[in-house]
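The values are calculated or read from the model by the stated rules, or taken from the named source; none is laboratory data. Just so it is clear, the model here is predicted, and its values are computed rather than measured. With ideal geometry, Cβ positions are generated from the backbone for all residues, glycine too; neighbour counts draw on all protein chains shown. Protein only, heavy atoms only, side chains kept; ligands, DNA and RNA dropped before computing areas. Shrake-Rupley method; radii C 1.70, N 1.55, O 1.52, S 1.80 Å.
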Amino acid sequence: MGTEGSTMLEPLRRELPPIGPEAAASSASCSLAPHYESVGGARRFTRSALTGWELDEQFDTVALVVSELVTNALRHALPAEPCTPSIRPAPGREPAVRLHLMRWTSRLVCAVRDPSDESPVARAHTAEDPDCTGESGRGLHLVEAFSDNWGWHPLAGTLHGKVVWALFRLPD
């Protein structure tokens with residue numbers, strides 16, 4: 001499964017309608033505060049959206065991937081400030097991290113936008129940790145294993161940063 005984090009949207013576009021939210025059968029989006037408690041909020045938001053779309057049976061897999069993508073954004077894409085509840089976006093400013101869920105008839109896409117221009121990097125297996133059994137660093141490997149495709153792309157225009165996405169094929 002997966003694309004090993006292709007930087008192009010081509011894997012996302014293959015066999016799909018255009019990816020704009022207006023082309024999706026349904027879409028939902030939420031802002032996430034820059035603290036780790038937001039990961040639980042992202043899972044609750046995902047459960048609510050999937051329940052509304054009658055996709056409850058997809059929750060465990062999708063929530064795992066959403067958790068990993070949001071955790072990576074909070075851990076690696078935000079400035080060096082600690083992820084604490086006291087840090088909030090300035091009034092009128094776009095939140096640093098945003099979760100988007102888009103559903104088509106046969107596909108679901110989870111996308112997390114963050115302010116970093118850096119490519120997401122899966123931790124390589126090392127002699128010290130050949131099976132990636134450490135406490136962290138397995139997030140993108142889990143995204144790869146549980147989604148049908150994933151990748152990322154830089155943002156353009158007035159928004160800065162990137163979007164990391166994961167695609168799931170839905171049962172007929």
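Miscellaneous remarks
- Residue 103 being under 21 Å from residue 44 (Cβ atoms), among the charged types (D, E, K, R), under 19 Å from the mean Cα position of the chain (by Cα) and at pLDDT 85 or above: yes
- Residue under evaluation residue 29, criteria (1) outside any strand (DSSP E or B); (2) of a type in the set (Ser, Thr, Tyr); (3) at pLDDT 70 or above, criterion not met: (1)
- Scope the range 48-57; condition part of a helix (DSSP H, G or I), surrounded by fewer than 16 Cβ atoms within 10 Å (Cβ to Cβ) and of a type outside the set (Ser, Thr, Tyr); matching residues: 52, 56, 57
- Residue 71 falls short of the stated requirement of being at pLDDT 90 or above, over 21 Å from residue 115 (Cβ atoms) and not basic (Lys, Arg).
- The set of residues from the range 34-47 being part of a helix (DSSP H, G or I) and of a type in the set (Phe, Trp, Tyr) comprises just one member, 45.
- Residues considered: 129, 148. Of these, the only one that is open to solvent by less than 60 Å² (accessible area, probe 1.4 Å) and at pLDDT below 90 is 129.
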